[in-house]
Amino acid sequence: MAEGEPSSANGNLQFKIHEVIFEADTPRGKFFDVALLVSILASVIAVSLESVESIDSVYHTQLVFVEWTFTALFSIEYLLRLYATRRSREYVRSFYGIVDLMAILPSYLSLFIPGAQSLLVIRAFRLLRIFRVFKLSRYLGEASVLSEAMIQSKSRIIVFLSTITVLSFITGAGMYLVEGPQNGFTSIPQSVYWAITTLTSTGYGDTVPVTPFGKLLAIFIMIMGYSLIIVPTGIISNELIKMGDISTQACLSCSKEGHDFNAKFCKHCGTKLDLNRTDAQE
């Protein structure tokens, strides 16, 4: 046996644990993930209720017990994920690995820093696993796929945001010139701020144009605001379509996902993927 290789018994146990807690396309794996999602949701609700003074004053002890119970369970789960991954450092540095760790740290920090347990709401990020549990990745993409799509389209997004920024300054300066301080546009920075809030459809309503040219310019800004949704969505969606369907299978070595359905090897570390699970079900 090569140095560092697990024994056959330990390797089999490691594989079984990995299949349960990392895979979403097996009965046991899906059951585990659904139970995990319910637990995460329940823990976030408990933390939220603890911040309500009228509820916390009556049920403080029970809420603290629930909080620490979930923290203990999530801590055990995190250790099992480390054990089940051959390259645990890859998991620790991954997006889900960081979120899983941050989901349990606030409870332990609260022993030294009062109030730190409020940060436990970060556990809500773990609900992102719902995309792979219910196979929504085929339509919406995994978080890693979305991230990759944004990276691929970053040049076009930067150009788009730069254009919007320049237009905001131009229209803001134009509004200051047309309306002037007498109508509430007291400076160019304040006018640019108004243009940005109007562009994003926030529109606080504290300052409004009153002249015909000012209203015409405001209409242009409002119409331009629709591109904030249409253009970036189209850019990223186009990149997602190019990537095609993505498998929910996680690599046994690095635990990363986002592989093509017909992939035989992990695109991140090169480890051969398990393609012959007999208990996998659609």
Just one of the numbered conditions (1) surrounded by 15 or more Cβ atoms within 10 Å (Cβ to Cβ); (2) closer than 18 Å to L119 by Cα; (3) of a type outside the set (S, T, Y) is not true of I45; which one? (1)
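Would you mind finding the one in T197, T207, T211 that is among the hydroxyl-bearing types (S, T, Y) and free of Cβ contacts under 8 Å to residues at least 12 places away in the same chain? Show your work before the answer.
Numbers: T207 fails: free of Cβ contacts under 8 Å to residues at least 12 places away in the same chain; T211 fails: free of Cβ contacts under 8 Å to residues at least 12 places away in the same chain.
So the residue among T197, T207, T211 that is among the hydroxyl-bearing types (S, T, Y) and free of Cβ contacts under 8 Å to residues at least 12 places away in the same chain is T197.
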Can you name every residue in region 50-74 that is buried (at least 17 other Cβ atoms within 10 Å of the Cβ) and either not acidic (D, E) or not assigned by TED's automatic domain parsing to the domain that holds F125 (or both)? L63, V66, F70, T71, F74
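Among the residues of region 31-42, what is the count of those that are surrounded by fewer than 18 Cβ atoms within 10 Å (Cβ to Cβ) and free of Cβ contacts under 8 Å to residues at least 40 places away in the same chain?
Kept after step one, since they are surrounded by fewer than 18 Cβ atoms within 10 Å (Cβ to Cβ), are these residues of region 31-42: 31, 34-35, 37-39, 41-42.
Now restrict to residues that are free of Cβ contacts under 8 Å to residues at least 40 places away in the same chain: 31, 35, 38-39, 42.
The qualifying residues number 5.
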Using the structure shown, decide if C269 is at pLDDT 75 or above, assigned to a loop (DSSP other than H, G, I, E, B) and farther than 29 Å from M175 by Cα. yes
Name the helices (runs of 4 or more DSSP H) wholly within region 133-237 that hold at least 1 residues that are closer than 30 Å to L37 by Cα and either hydroxyl-bearing (S, T, Y) or at pLDDT 75 or above (or both)? 137-140, 143-152
If S48 satisfies every condition in (1) closer than 17 Å to I122 by Cα; (2) modelled with pLDDT of 85 or more but one, which is the exception? (2)
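The values are calculated or read from the model by the stated rules, or taken from the named source; none is laboratory data. Bear in mind that the values here come from a model prediction, so they are computed numbers and not experimental data. Using ideal geometry, Cβ is built from the backbone for each residue, glycine included, and neighbour counts are taken over all protein chains shown.
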